[in-house]
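Everything on this sheet refers to the single structure shown next.
The values are calculated or read from the model by the stated rules, or taken from the named source; none is laboratory data. Given the structure is predicted, the values throughout are model-derived calculations rather than measurements. A quick note on method: Cβ atoms are made from the backbone with ideal geometry, for glycine too, and the neighbour counts reach across all protein chains shown. Surface accessibility is based on the protein's heavy atoms, side chains included, excluding ligands, DNA and RNA. Shrake-Rupley method; radii C 1.70, N 1.55, O 1.52, S 1.80 Å.
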Amino acid sequence: MSQTLTGISVGSVAPDFELKDQHGAKVSLSSFKGNKNVVLLFIPFSFTGTCTGELCAIRDDLAAFQNDNVQVIAVSCDSPYTQKVFAEQEGYKFPVLADFWPHGAAAKAFGVFNEDIGCAMRGTFIIDKAGVVRWSVVNGLGDARNNGDYKAAIAAL
């Protein structure tokens, strides 16, 4: 089965979701509405080179991505148990959510779930305080994101 992944359109209201983070706490996208802009990062798989490298780059420059005005959220279809070990091992100080069951429901809502492989593509969505997608990019599985691109998009909010 071949599919085209396009992601949700800029200017659209971001679909809400509620997923468990690496500590087992439920996190909903709507909980940030009115309070913080959100940088939502879908990653294909925890513990893989490109995914780990991308999230470690954010971890190492966290103040640029997460502060009083912006919240970083990473999501993959891995289990909550995997996310716990992954986040602890890498020292992530932002939510790492498990879109595990129903498998890929949040990724599907954002149009970045790859049915052939059973994982999320590298979708990045910047969502404003009103819950509207203001910037997005969807990269292929092996195509790392450019952090500078979404730093600029955050600065424009």
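With the structure loaded, tell me whether Q22 is in a strand (DSSP E or B), over 21 Å from A144 (Cβ atoms), open to solvent by less than 60 Å² (accessible area, probe 1.4 Å) and touching a Pro at 6+ places or on another chain (Cβ under 9 Å) or whether it fails that test.
Considered against the rule, which asks whether it is in a strand (DSSP E or B), over 21 Å from A144 (Cβ atoms), open to solvent by less than 60 Å² (accessible area, probe 1.4 Å) and touching a Pro at 6+ places or on another chain (Cβ under 9 Å), Q22 comes out as no.
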Of residues in segment 128-155 being of a type in the set (D, E) and more than 16 Å from D61 (Cα to Cα), the one least open to solvent (accessible area, probe 1.4 Å) = D128
Got a sec? Which of P102, P95 is within 16 Å of D16 (Cβ to Cβ) and free of Cβ contacts under 8 Å to residues at least 40 places away in the same chain?
-> P102
Search result, residues across segment 25-51 that are among the aromatic types (F, W, Y) and surrounded by fewer than 17 Cβ atoms within 10 Å (Cβ to Cβ) = F47
Qualifying positions in segment 123-134 - modelled with pLDDT of 95 or more and under 12 Å from D149 (Cβ atoms) = I126
